[in-house]
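Data first, discussion second: the structure below is written as structure tokens.
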Amino acid sequence: MRSFAGTLLVAICCFPYYCFSQSPSPSSLYDVQHYRFNIELSDMSDTIKGKAVITLKILEPVSNVLLDFSTAHTTGKGMHVQSCEMDGQVISATAKQENEKLTLAWKDALPAGSTHTFTINYQGIPEDGLIISRNMFGHRSFFADNWPNRGHKWIPCIDDPADKASVEFIVTAPEHYRVVSNGVLVGETGLEGNKKITHWKEEVPIATKVMVIGVADFAVDLAGMVKDSIPVYSWVYPENKEKGFYDYGQAKDVLPFFIDYVGPYGYKKLANVQSKTIFGGLENANTIFYSETSVTGTRRSESLLAHEIAHQWFGNMATEKSFAHLWLSEGFATYMTILYMENKYGKDTATYMLKEDRQQVIKAPVTYKRPVVDETDNYMSLLNSNSYQKGGWVLHMLRRELGEAVFHKAVRAYYSQYANSNADTRDLQKIFEKVSGRNLAVFFDQWLYSPGVPKIEVRWFTAMKTGKTVVAVRQVQKKGFVFPLTLKFTERSGKSVIKKVDIVNRYTEFEFDLGPNIYELELDPEASLLFSADVARQLTK
């Protein structure tokens, strides 16, 4: 999702231009089953006309429903509710701008287990969520940009990742536009007045954060078929279609890796779309949006594509229960990208990327102030190195600790259990413990529920009396960690020996009988630990 790129264009969100904060809570009273949005767009103004048909299952008896919806502002932007119905009968609607809620109410409580259809007609100029602007070539465009909870700025919904539903968009727009959205194309119908209706439908339940429409002048290319059944498309601006088709065409080679490594792809198509998203990349379900500048004709955005495609498994199909567990989306996408690059380019590339990510974590103030599982209601602030690089490193350390086979089995088991559902960090922990047969409470608590990383001072010397090599390790951060540490000792001849030790205390000394010719000590030679260190050799004692 939202990606910025390092030297190897590792996709870890591009920080947006502003911060939006709101904290909707999942409802235990009702559950959205399906959304159908009829959206009418115009070239004459930025006003949109909307009709939302929401199918809701009642879980507990209720006489009102609370939806997230941004109603009219004094600035003239926002949505105006015109009418509301339940099962074809007019009901009352109360919109409150201060908390961006729309209350639908009726006389008698609906029984638990019943299903009802709510219809909301509205219009207005979106304050956010649907970006109406001009693209880099000066042409008018409309791009949804719902993440994290900005969807309610233009569509009434339960704007929370825990409430997933199937969705369809029926878009009426001037006929020169092409419309892309989640799911499969149901059809296009021409209308009088040079207009056209485009109907897309997604049958797999998804969160509102990854529901999307893109309306612009597009050139479209079928990059290829994956596993003989999944079409992979490129949607780019006509002015740079050759470059765009070339760049985005890599997706057909990325998708099979994740299918083979994680499990079946959950959707019926994959579209990669050049767009006006405020982020570097946005992983909308099977309809990924990339920034306009991602098209260069150089294929330099390969890791960005890999990151966003990995999200189709982690974040879209297996979705975090709340944004506090965003690392289950972003940390997974970050590390899955590294695994993809390792598979294609080799271990050295992966090691380079891991070391770059480690430096980002070590240097970031948020590392030492906030845990990875972060209950803040400022969701945009979660676009930080905790959610991305540190989350990725947690997975890497699990892989090193448990071994390749167990780690891989656990990842597949986690996805298998939580695809089309929601999970939190403890759910992941239980899966890894079940597969590995190990208690991982200490690991998860210190790396994910506590801030910081190990900072160690290492002093080593040759003991005068015994001739043994002594290594003293002191943890200097506030809270002590428990972790394995690999030591590589090298002689002047180039011969080296590896020793592994367990760090469990704030200060520990280790002795090794290695002979008199050791002249160099390297910590963590295979990049297996997230830490920082100050290493120095002392005079013989």
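Here are the numbers:
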item: Complete set of residues in the range 92-111 that are of a type in the set (Lys, Arg) and at pLDDT below 90; result: LYS96
item: Some residue of the range 440-459 being exposed (fewer than 15 other Cβ atoms within 10 Å of the Cβ), in a strand (DSSP E or B) and of a type in the set (Ser, Thr, Tyr); result: no
item: Subset of the range 362-384 [under 23 Å from ARG150 (Cβ atoms) and hydroxyl-bearing (Ser, Thr, Tyr)]; result: THR376, TYR379, SER381
item: Subset of the range 518-539 (residues that are loosely packed, with under 12 Cβ neighbours inside 10 Å and part of a loop (DSSP other than H, G, I, E, B)); result: GLN538, LEU539
item: Those residues of the range 72-93 which are aliphatic (A, V, I, L, M) and outside any loop (DSSP other than H, G, I, E, B), in sequence order; result: MET79, VAL81, MET86, VAL90, ALA93
item: Any hit, the range 173-193, residues being hydrophobic (A, V, I, L, M, F, W, C), within 21 Å of ILE125 (Cα to Cα) and open to solvent by 10 Å² or more (accessible area, probe 1.4 Å); result: no
item: Residue among GLY124, GLY78 that alone is open to solvent by less than 30 Å² (accessible area, probe 1.4 Å) and modelled with pLDDT of 95 or more; result: GLY124
item: Matching residues, the range 377-418, being outside any helix (DSSP H, G or I) and either open to solvent by 30 Å² or more (accessible area, probe 1.4 Å) or among the acidic types (Asp, Glu) (or both); result: ASP377, ASN378
item: Test: residue in the range 199-207 that is under 19 Å from GLU40 (Cβ atoms) and assigned to a loop (DSSP other than H, G, I, E, B); result: no
item: Residue in the range 140-151 that is modelled with pLDDT of 95 or more, open to solvent by 10 Å² or more (accessible area, probe 1.4 Å), charged (D, E, K, R) and closer than 18 Å to THR71 by Cα present; result: no
item: Cβ-Cβ under 8 Å pairs, at least 6 apart or on other chains, the range 454-471 side more than 21 Å from ILE362 (Cα to Cα) and in contact (Cβ under 8 Å) with a residue 60 or more places away in the chain, far side of a type in the set (Ser, Thr, Tyr) and part of a strand (DSSP E or B); result: TRP460/THR469; PHE461/THR469; THR462/THR469; ALA463/THR469; VAL470/THR462
item: Subset of the range 166-198 (residues that are more than 30 Å from ASP31 (Cβ to Cβ) and touching a residue at least 24 places away in the same chain (Cβ under 8 Å)); result: ALA173, PRO174, HIS176, TYR177, ARG178, LYS196
item: Qualifying residue in the range 85-102 (condition: of a type in the set (Ser, Thr, Tyr) and touching a residue at least 40 places away in the same chain (Cβ under 8 Å)); result: no
item: Among the candidates VAL497, VAL504, VAL535, residue that is β-branched (Val, Ile, Thr), without any contact (Cβ under 8 Å) to a residue 40 or more places away in the chain and closer than 28 Å to PRO365 by Cα; result: VAL504
item: Helices (runs of 4 or more DSSP H) wholly inside the range 214-318 containing at least 1 residues that are in contact with a helix residue (DSSP H, G or I) (Cβ under 6 Å, 6 or more places away or on another chain); result: 251-261, 302-310
item: Residue within the range 57-71 that is part of a loop (DSSP other than H, G, I, E, B), open to solvent by less than 50 Å² (accessible area, probe 1.4 Å) and either in contact with a Pro (Cβ under 8 Å, 6 or more places away or on another chain) or touching a residue at least 60 places away in the same chain (Cβ under 8 Å) (or both) present; result: yes
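The values are calculated or read from the model by the stated rules, or taken from the named source; none is laboratory data. What you see is a predicted model, and the numbers here were worked out from it, not measured in a lab. We place every Cβ from the backbone using ideal geometry, glycine too, and count neighbours over all the protein chains shown. These accessible areas exclude ligands, DNA and RNA; they are computed on the full protein's heavy atoms, side chains included. Shrake-Rupley method; radii C 1.70, N 1.55, O 1.52, S 1.80 Å.
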